[in-house]
Amino acid sequence: MRSFIKIIFGILFILMGSANAETNSSGNKWNFYTGMFDFSDDGKRSNLFGLQHINENLYRESFLGTLQPVTGAFITADNAGYIYTGFQIPNKSGALTFTPSFTPGLYSEGDGKDLGHVIEFKTEIQISYELSDNSEIGMSYNHISNASLGDKNPGANSYLINFIKKY
């Protein structure tokens, strides 16, 4: 599974390189984030690093607001990994943006926490501050759960620092 996660990160970095070659009007954003995976579990907490792609051009207006697709992955220091895709709903107010998101995905425990199932669901809230037209810095909190698909459902809570860059 470690090589699978390395392949996914390799693909994401290749995509990031192609997005970098485009103009600022491309609508591609990349969220680079790091933080503490499952901070509420003393025995299984672990540092994590992740990368998320946001395409501002592919959106749908709904009764919830503007839905934007997101795709990403993270890996922990214990080689647990999560690959996901879903949507976010950015709500901008001046220089601040409040962004809830929902992203189902596939989880591999590696040497980390057993979350009870390979299919997991991540809900997240993020608040970010616009540094310039092309970059933001933010903080987020997320919860990952299998919604009782498995025999057990311990869940994991994480906090993150985010750097979002538009390419």
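Just so it is clear, none of the values below were taken in a lab; they were calculated from the coordinates. Bear in mind that the values here come from a model prediction, so they are computed numbers and not experimental data. So basically every Cβ, Gly included, is an ideal-geometry build from the backbone, and we count neighbours across all protein chains shown.
Quick look at the numbers
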| quantity | calculated |
| --- | --- |
| Residue-averaged [θ]222 nm for the chain, counting only DSSP H segments that reach four residues, each worth -39500 (n - 2.57) | -4000 deg cm²/dmol |
| Rounded tilt (10° steps) of 2-20 against the dominant C-alpha axis of the chain | 0 |
| Prolate/oblate/rounded call for the stretch 93-167, Cα gyration tensor, a/c under 1.5 rounded | prolate |
| Qualifying chymotrypsin sites (Phe, Trp or Tyr not before Pro) for the stretch 31-80 [loop in DSSP, other Cβ within 10 Å: at most 13] | Phe63 |
| Cβ-based exposure ranking for Ile164, Ile125, in which fewest neighbours within 10 Å come first | Ile125, Ile164 |
| Dipole magnitude of the stretch 2-166 about its Cα centre (Cβ charges: Lys, Arg +1; Asp, Glu -1), debye to nearest 20 | 200 |
| Relative exposure of Arg45, Arg60, judged by other C-beta atoms within 10 Å (fewest first) | Arg60, Arg45 |
| Hz values of 3J(HN,Hα) by residue in the stretch 95-103 - Karplus curve (6.51, -1.76, 1.60), Gly and Pro given as x | 7, 9, 10, 9, 10, x, 8, 9, 9 |
| Karplus-derived 3J(HN,Hα), 6.51/-1.76/1.60, for each residue of the stretch 121-137, Hz, glycine and proline x | 10, 10, 10, 9, 10, 9, 10, 10, 10, 6, 7, 7, 4, 10, 8, 9, 10 |
| Spatially proximal lysines relative to Lys152 (Cα-Cα < 20 Å; intrachain offsets below 8 disregarded) | Lys44, Lys113, Lys122 |
| Summed side-chain charge close to Asp114 - residues other than Asp114 whose Cβ falls under 9 Å, Lys, Arg +1, Asp, Glu -1 | +2 |
| Local electrostatic count at Thr103 - Lys and Arg +1, Asp and Glu -1, tallied over other residues with Cβ under 11 Å | -1 |
| Summed side-chain charge close to Lys152 - residues other than Lys152 whose Cβ falls under 14 Å, Lys, Arg +1, Asp, Glu -1 | -3 |
| Nitroxide proxy distance, nm - points 7 Å out along Cα→Cβ at Met36 and Asp133 | 3.9 |
| Rounded if a/c under 1.5, otherwise prolate or oblate - the chain, Cα gyration tensor axes | prolate |
| Part-to-part distance (alpha-carbon centres) for the stretch 98-167 and the stretch 43-95, which is given in Å | 7 |
